[in-house]
1. State the three equivalent ellipsoid semi-axes of chain A, derived from the C-alpha gyration tensor as the square roots of 5 times its eigenvalues, in descending order and whole Å.
2. With r as the distance between the Cβ atoms of residue A:117 and residue B:100 and R0 = 35 Å, compute the FRET efficiency 1/(1 + (r/R0)^6) and round to 0.05.
3. Using a Förster distance of 45 Å, how high is the FRET efficiency between residue A:102 and residue B:113, based on the Cβ-Cβ distance and rounded to 0.05?
4. Fewest first, what order do A:68, B:87 take by the number of other Cβ atoms within 10 Å?
5. Using alpha-carbon positions, what is the distance between the centroids of the stretch B:2-60 and the stretch A:38-72, in Å?
6. Can you give the translational diffusion coefficient of the protein assembly as shown in µm²/s, computed by Stokes-Einstein from the Kirkwood radius over Cα pairs at 4 °C and 1.567 mPa s?
7. Looking at the stretch A:63-140, I'd like the Rg to Rh ratio, where Rg is from alpha-carbon atoms and Rh is Kirkwood's inverse mean 1/r.
8. Just to be sure I understand the model, the point goes 7 Å from the Cα along the line to the Cβ. What's the resulting residue A:22 to residue A:79 distance in nm?
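Nothing in this text is a laboratory measurement; each read-out follows from the coordinates by a stated rule. Quantities reported herein were computed from a predicted structural model and do not represent experimental measurements. Counting neighbours? That spans all protein chains shown, and the Cβs are built from the backbone with ideal geometry, glycine included.
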């Protein structure tokens with residue numbers, strides 16, 4: 001029997017920088033997003049500002065590593081610096097800046113940036129998660 | 001022709017909006033997982049989630065954030081928004097399959113910017129479920145055009 005290895009609060013390395021693969025933003029993405037949210041764009045060539053933010057988590061999953069045992073997503077502080085357009089290609093860069101142990105689990109703060117094909121930071125901010133600690137009966 | 005968009009000058013401090021409700025379905029979560037590439041077990045593994053504190057799959061936090069953006073568009077006439085510039089947001093509780101969420105929003109600040117043709121509008125937003133529990137809340141900053 002194989003079990004999925006997860007990484008826990010104890011495994012989180014502060015200051016470790018992670019860069020994801022990139023993806024091109026297409027009309028298809030924008031269209032599916034509009035159907036799902038009904039957030040209408042002022043211009044069909046523009047990418048709704050929250051959509052790239054939604055992509056950053058999935059981009060993170062494309063970096064091979066055991067998934068972090070997130071108990072809850074607590075908050076986000078986010079800045080949009082530049083409007084993205086259909087055809088732009090983005091990737092994400094992240095760095096954990098703080099980890100704070102609690103009785104049940106621990107709080108992890110991650111700084112995240114979205115970078116376009118010109119290497120410019122177009123959105124950036126901070127994600128806060130509650131992450132599980134490794135259970136004593138499940139040491140690996 | 002009637003003006004369809006509301007300018008910085010038209011928006012009053014303290015204005016409040018209530019959106020229609022929207023039931024979040026399993027389909028919404030599946031589509032969002034496919035779109036975003038976020039297949040975290042929290043959202044996709046019903047069996048695993050039976051053992052969790054939530055007892056079942058929950059919606060992605062960012063799906064709730066995206067849905068409230070759409071609910072805002074249904075709650076008020078569109079602003080003459082030039083840019084969405086900032087977000088401060090807290091995820092207070094889970095959105096489960098079948099929950100009906102709605103948005104309550106309030107204009108809490110209007111500020112001048114360096115440019116005379118625009119201003120900054122801060123909207124406080126609360127996402128409530130069918131039991132009136134707050135599931136998400138925060139503030140968004142929008143740059144809105146002034147009347148010429």
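1. On the way: eigenvalues 196, 48, 41 Å².
Those come to 31, 16, 14 Å.
2. Details: r = 40 Å, r/R0 = 1.15.
Efficiency for this residue pair is about 0.30.
3. Numbers: r = 40 Å, r/R0 = 0.88.
Efficiency for this residue pair is about 0.70.
4. Numbers: A:68 19, B:87 22.
Ranking A:68, B:87 by Cβ neighbours within 10 Å, fewest first, gives A:68, B:87.
5. So the separation of the two Cα centres works out to 13 Å.
6. Values: Rh = 20.0 Å.
In µm²/s, the coefficient rounds to 65.
7. Values: Rg = 15.7 Å, Rh = 14.4 Å.
The Rg/Rh ratio comes out at 1.09.
8. Output for this residue pair reads 2.3 nm.
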